[in-house]
Amino acid sequence: MIDNSKQNFLNRVRVQKDLEGASGESAVNLTNIDTLVSEIAELTPEDQQFLFEQCRSLSETNDELLKSFVTQAPKAFSLMASKGVQQWVDNAITMYDNKGLGSAVEIIEQVEQYAEEYSNRGIRCDFDEASTFIRNFVTGLGGRELKLAVDSESFTDTESLYLPDSFDLFPVADKNFSLYKLTATHLWAQTWYGTWRSKVVEKILKTSDTNQRLAKFNRLECIRLEAQIERDLPGLYRQFRAMDSEETEGKKIWDDWKSRAARLQRPGAKALDSLELVDEFAEDIVLPPLQPYQGEMHVNRVYEILSERIEREKEEFQSALQDLIDDENSLTEGTEDASKKIELELIEDEDGGAGDTKFQMSLDGEIINIPEHLQDLLGSIMQDLGEIPEDYMEPNENGEYSDKLTEQTETDENDVASDGEDGEIFRYDEWDCTRQRFRQRFCSLRELSIPLAESEFVDETLIKYKGILKSIKRTFEAILGENRLQRRQLDGDGIDLDAVIDSFADLVSGNETSEYLYTRYRNKERNIAVMFMIDMSGSTLGWVNDAERESLVLLCEALELLGDRYAIYGFSGRTNKRCEVYKIKEFGQKYSDEVKQRISGIRPKAYTRMGVAIRHLGHLLNQTQARTKLLITLSDGRPEDYGGYKGKYGIEDTRHALLEIKQAGIHPFCITIDNEAQDYLPYMYGKVNYAVIDEVPKLPYKVADIYRRLTT
Amino acid sequence: MPVEETIKTSQHFVEKEPYYEAINDEVDVFSAAYNNHLPILLKGPTGCGKTRFIEYMAWKLQRPMVTVACHDDLTASDLIGRYLVKGGQTVWVDGPLTDAVRNGSICYLDEVVEARKDTSVVIHPLCDDRRILPIEKLGELMQAPPEFCLAISYNPGYQSVLKDLKQSTRQRFVAIEFTYPDSDTELKIILQESQVDKKLGEKIVKFGRMTRNLKGSGLDEGASTRLLVNAGKLIQDGIKPVVATDTAIAHALTDDPDMLQAVHELSRSIF
Ligand SMILES: Nc1ncnc2c1ncn2[C@@H]1O[C@H](COP(=O)(O)OP(=O)(O)OP(=O)(O)O)[C@@H](O)[C@H]1O
Ligand SMILES: [Mg+2]
């Protein structure tokens, strides 16, 4: 406590001193200066500095105005961000120049009114408003995937584009939005047109006065990139020009630089050329002012990212080549000679954008398809190096760099067998998003069965939900009614015997005969197989588990009525070595007492390694014949397992598994009670393929209804 | 709909050489498969030239061709034929497949996965080395002549459940995979088909690539060659490029406002 107040006291003393320094005597003589000082002391250091700066400039304008500003300043900061405060002060000064002190003081004193207007104008464009668009736009432009992040400056480290948290340079929101787009595009152009090739970065770092040179290099690159964009993206080029500052002095310097750097504007000019030219500008003290969309350069940040990535991608590339060879060998069994040779040939090289180059790959002289991830990898390597160096072409089993995740989890290799229960072990690949490739046969999964429990649970549930069950049954019966056999059709799959007999009778008696003699089913023939995948992770303990079991009971009643084929499996596990699915009801099985007892016996187990469960159950589902196949997951949260399977990794693997089964023709759907699911489910399952249920007890009511909507 | 129309076959000789730009060695592969009486599976995303290719091959091999656009109500009898009652008498009418087998044509089942599953019953025996078509209702086993050829198409990119091709079916075919052509070839196609000038054509190709970059990051599929050709045609007809790409491409690809905006801006950045 004492420390705190002492600290506060010191703060106030410092603020008072700074304020005096910035604004001279006049402010300090204000009657309520003590209160003001302690209010100012509460502001963030940045805001304080900003305030003192304003004081300095106001003290050169007018003392009265300054005093009134200091009086209102704490309030102003509580109402507006510093940009707003700046505009407020600027506004007052302009008013002072044009209309005199009175009007200016009025503006300062009516700070509340000003702040309201400022926020209403809505001229600002925030990062959050622009980021989705920018991400899509930049992806469309091409090249390796770039992340977006907020920073006080605009720059790129070749992995992320750093952008300010808002732009309000222009009085129109649209223009500020465009400024975002163009700033991002300019940074994208650096990554696309080779500003940060590894050779360039190394060269910059070797020079002495790095910062000086970097600033000039930046300007020269602006010239080169602008010319590239003019050639490749003329529409964008026009938008850039429209955004340029009108300021004539700056324009003159730019024009001078451009004419001296004419060779950078020619097609084929490289970043190394810009770097070479820097020396020719050694004498230049005044640099052309950066346009609002031209960012800064931070070569050290680039270097960190670049060196790590180059090393990683080299290994990824080499091991991908090895995979190709392994695949080939496994096809041509027996003839396992190690001398397979992979060759790579550049077949299409577009001016500039290195990520756009096309390669042809051949294995022992035979042209092979380049797998997609290898294609991306090639693109990314080209962006960094501009070529694929010789030594990259040496296939390599396993780099030391990879498999960090494996180390954690593969220690207990014998674990699987020691479990006592024998049974088939299924192995599945797992998608490793950091390496952008599969960990082959990484997960071991077993099918276990659930111990039977008392089946009273089922009866109790049926009684508890008597009302809802009735209405579920009614709606489902209505669905069935839609699918009747249609008789007396002009054509169809079967003969309508009644009609034939009628028409035979007509024929015999000499009447005109009908041609409507066929039967056919209506279009919407129900031919559905559905797999329910029940989350049995530890987190479902309690309510969730009860709600899951109750939902299943209701579902089974409904499905029995519909006649859809269905299976129910639980899933859980701990690490990739012990992935487990629990049989509750198989496809061929009847909804028997045994199944009821299993439903009743579902209990929470361990973690949620979702990808492998999806792959396995998707596989089972695929073995059944049905026109429509659904995999419905009931879950309570995001995929998470012990030992590295979490966050992005878990989500990416799950997403990948879902894509795989989608490719195989299965519709995945997820019903969850995780309120945060909006963050990750749309990404994994797709925008329309999930439902979030906000309260656990509602689950049983909702699930049957969701199923109806899904299948009609 | 009158009965005669549902079973009328679209068998015809392709008289004029269709414009087809070979993308790979598909022409040779198809010819070889044809010579060896092997059925052919054309696999690839929509609008990449599969239909055009088969027309070209029919012309090249000088065979009549029958195209059946499969839909989810198409049954085996629709392919084989059926008895119809006409004025008190029953008449047998060949379906398009029977017709093709009889005449030694090329039969092209477009989007075969759309058809009912029972169609595989008739397709399978035609596709192994027996090459027979069982016509149950006539009690007949029809032997396909050497000139007969069955080709089916299939788009593996669809994520819908209804559109998966069974292993037992696909493993009977020689599969030719189609992808979007490389930039130069695609440019040639666009120039030829839409008659735009080279400079515009190049921009259209570039734009196509950008939309394909977005595949998987918001778009299910990038713009197909067909869509690019369509946009070219609109532009050639005086529509502003950005409007043409919006209408012929962007809205054909997606309804998502975010994606529409991105695709629109990408177009603006090129044209
Ligand atoms: N290789 C090509 N040569 C000539 N034209 C092509 C080629 N590829 C695509 N096209 C153009 O694209 C259009 C669409 O091609 P086509 O109708 O053959 O596609 P498809 O693969 O059959 O598509 P879908 O799967 O939707 O039926 C053609 O009309 C033609 O203009
Ligand atoms: Mg077609």
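Quick notes on this one:
- Qualifying residues in region B:29-56 (those that are surrounded by 21 or more Cβ atoms within 10 Å (Cβ to Cβ) and among the hydroxyl-bearing types (S, T, Y)) - the one nearest to ligand 2 (Cβ to nearest atom): B:Y56
- Condition met for A:A613 (in a loop (DSSP other than H, G, I, E, B) and under 24 Å from A:D564 (Cβ atoms)): no
- Among the residues of region B:203-214, those identified as of a type outside the set (S, T, Y) and within 10 Å of another protein chain (Cβ to nearest Cβ) are B:K203, B:K206, B:F207, B:R209, B:M210, B:R212, B:N213, B:L214.
- Boolean, A:R135 is within 14 Å of another protein chain (Cβ to nearest Cβ), without any contact (Cβ under 8 Å) to a residue 40 or more places away in the chain and either among the basic types (K, R) or within 30 Å of A:Q16 (Cα to Cα) (or both): yes
- Of all residue pairs spaced 6 or more apart or on separate chains, those with beta-carbon atoms under 6 Å, a first member in region A:226-253 that is part of a helix (DSSP H, G or I) and a second member that is modelled with pLDDT of 90 or more and basic (K, R) are A:G235/B:R268.
- Which numbered condition B:L234 misses (of (1) within 15 Å of ligand 1 (Cβ to nearest atom); (2) crowded, with 17+ Cβ neighbours inside 10 Å; (3) closer than 20 Å to B:S183 by Cβ): (3)
- Screening the candidates A:P668, A:P682 for the property of being within 30 Å of A:K147 (Cβ to Cβ) and either not assigned by TED's automatic domain parsing to the domain that holds A:V544 or not in a helix (DSSP H, G or I) (or both) yields one hit, A:P668.
- Within region A:10-50, tally of residues that are in contact with a Pro (Cβ under 9 Å, 6 or more places away or on another chain), closer than 21 Å to A:Q87 by Cα and not in a loop (DSSP other than H, G, I, E, B): 1
- Matching residues, region A:60-93, being over 40 Å from the mean Cα position of the chain (by Cα) and among the hydroxyl-bearing types (S, T, Y): A:T61, A:S68, A:T71
- Subset of region A:224-242 [closer than 18 Å to A:I253 by Cα and in contact with a Pro (Cβ under 9 Å, 6 or more places away or on another chain)]: A:A227
Listed here are the residues, each with its yes/no results for (1) within 14 Å of chain A (Cβ to nearest Cβ); (2) at positive phi; (3) crowded, with 19+ Cβ neighbours inside 10 Å; (4) in a strand (DSSP E or B).
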{"site": "B:P145", "(1), (2), (3), (4)": "no, no, no, no"}
{"site": "B:E186", "(1), (2), (3), (4)": "yes, no, yes, no"}
{"site": "B:S217", "(1), (2), (3), (4)": "yes, no, no, no"}
{"site": "B:L228", "(1), (2), (3), (4)": "no, no, yes, no"}
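- Of the helices (runs of 4 or more DSSP H) lying entirely inside region B:31-131, those containing at least 1 residues that are within 15 Å of ligand 1 (Cβ to nearest atom) and assigned by TED's automatic domain parsing to the domain that holds B:S168 are B:50-61.
- Take the conditions (1) farther than 30 Å from A:I368 by Cβ; (2) in contact (Cβ under 8 Å) with a residue 60 or more places away in the chain; B:T51 misses just one of them, which is (1).
Residues are listed down the side, and each one gets a yes or a no for (1) surrounded by fewer than 15 Cβ atoms within 10 Å (Cβ to Cβ); (2) within 16 Å of ligand 2 (Cβ to nearest atom); (3) closer than 21 Å to B:V27 by Cβ:
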| position | (1), (2), (3) |
| --- | --- |
| B:D94 | no, no, no |
| B:A100 | no, no, no |
| B:E114 | no, yes, no |
| B:E140 | yes, no, no |
| B:A151 | no, yes, yes |
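- Only one entry of A:A626, A:A606 meets the criterion of being of a type in the set (A, V, I, L, M), within 14 Å of chain B (Cβ to nearest Cβ), more than 19 Å from the chain's Cα centre (by Cα) and assigned to a loop (DSSP other than H, G, I, E, B), and that entry is A:A626.
- Residue within region B:247-258 that is touching a residue at least 40 places away in the same chain (Cβ under 8 Å), within 16 Å of ligand 1 (Cβ to nearest atom) and either assigned to a helix (DSSP H, G or I) or not polar (S, T, N, Q) (or both) present: yes
- Sole residue being more than 10 Å from every other protein chain (Cβ to nearest Cβ), over 18 Å from the mean Cα position of the chain (by Cα) and closer than 30 Å to A:L658 by Cα, chosen from B:A175, B:A250: B:A250
The values are calculated or read from the model by the stated rules, or taken from the named source; none is laboratory data. Computed from a predicted model, the values in this text were never measured in an experiment. Cβ atoms come from the backbone with ideal geometry, glycine included; neighbour counts cover every protein chain shown.
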